[in-house]
Amino acid sequence: MRIRLSLVLVLVAAALVTGCGEKASPSGWQPDDALQRADEALEKDDVAPTVKVRGTGFLAGGLDKTLETAGESPFRFDITCDSEESSQVKLTISREGDPRSRSVDVSCAGEVTRLNIPAGEPLVVHVEPAAKEGSAPAGVIAWQLGTIAPKGVKGCADDVKGC
């Protein structure tokens with residue numbers, strides 16, 4: 001009996017020291033988890049594109065890419081954001097060499113913004129870096145560019161020029 005009581009006391013002491021049995025404190029926003037959520041969001045699609053290029057980045061660094069869109073098939077640019085501090089970011093898209101551009105709000109709540117892009121001149125995509133004084137905002141951007149079949153184009157056929 002003495003051994004059992006000693007064992008119980010040792011287990012209780014170990015539980016108190018390690019915090020076992022207490023409610024775990026929330027871990028907060030984690031970049032790895034956010035990237036996984038963003039990737040999962042990009043993959044949820046009834047008309048999946050043939051991905052040509054894909055990327056991720058932190059909101060603090062923004063996004064500034066020129067993407068090739070030559071060929072016969074239309075393209076689709078998909079982008080999502082995951083952040084605990086920003087509810088949305090502004091994406092600016094244009095064609096290389098064309099002074100006209102279009103701005104689109106991208107939600108940072110697990111939704112994907114999908115833009116149809118006809119084949120043609122390279123696509124220029126830009127998201128302004130979202131730096132705050134003292135610290136970078138906790139947030140990630142995930143995007144992909146892929147080709148889709150012409151019959152897979154839903155809505156506006158050219159989201160750069162608009163409809």
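The values are calculated or read from the model by the stated rules, or taken from the named source; none is laboratory data. Keep in mind it's a predicted model, so treat the numbers as computed, not measured. Counting neighbours? That spans all protein chains shown, and the Cβs are built from the backbone with ideal geometry, glycine included. All accessible areas refer to the heavy atoms of the entire protein, side chains included, with ligands and DNA or RNA removed. Shrake-Rupley method; radii C 1.70, N 1.55, O 1.52, S 1.80 Å.
Using a probe of 1.4 Å on the protein chains alone, the accessible area found for ARG100 is around 140 Å².
Calculate, in whole percent, how much of the Cα-Cα pair population of the stretch 29-152 lies beyond 21 Å. Write out the running numbers ahead of the final one.
Details: 2850 of 7626 pairs.
That tail contains 37 percent of the Cα-Cα pairs.
Near LYS161, once Lys and Arg are set to +1 and Asp and Glu to -1 for all other residues with Cβ below 10 Å from its Cβ, the sum equals 0. Taking a straight line from the alpha carbon of LYS161, these aspartates and glutamates sit under 20 Å away, with near neighbours fewer than eight places off in the same chain left out: ASP64, GLU68, GLU72, ASP78, GLU96, ASP98, ASP105, GLU121. Projecting the Cα positions of GLY139, VAL153, HIS126 onto the charge dipole of the stretch 32-161 (unit charges on Cβ atoms of Lys, Arg, Asp and Glu, taken about the Cα centre) puts VAL153 furthest along the positive direction. Projected onto their three principal axes, the Cα atoms of the stretch 34-95 cover extents of 40, 27, 15 Å, largest first.
So what is log10(I(q)/I(0)) for the stretch 60-122 at q = 0.20, 0.23, 0.24 1/Å, when the Debye sum runs over its Cα atoms only? For the requested q values the scattering log ratios are -0.86, -1.04, -1.10. Using the Cβ of ARG114 as centre and a radius below 13 Å, the other residues enclosed give a net charge of -3, where K and R count +1 and D and E count -1.
First select every other residue whose beta carbon is under 14 angstrom from the beta carbon of ASP33; then total the charges, Lys and Arg +1, Asp and Glu -1.
Values: positive: ARG37; negative: ASP32, ASP39, GLU40, ASP82, GLU84.
Cβ neighbours under 14 Å give a net charge of -4.
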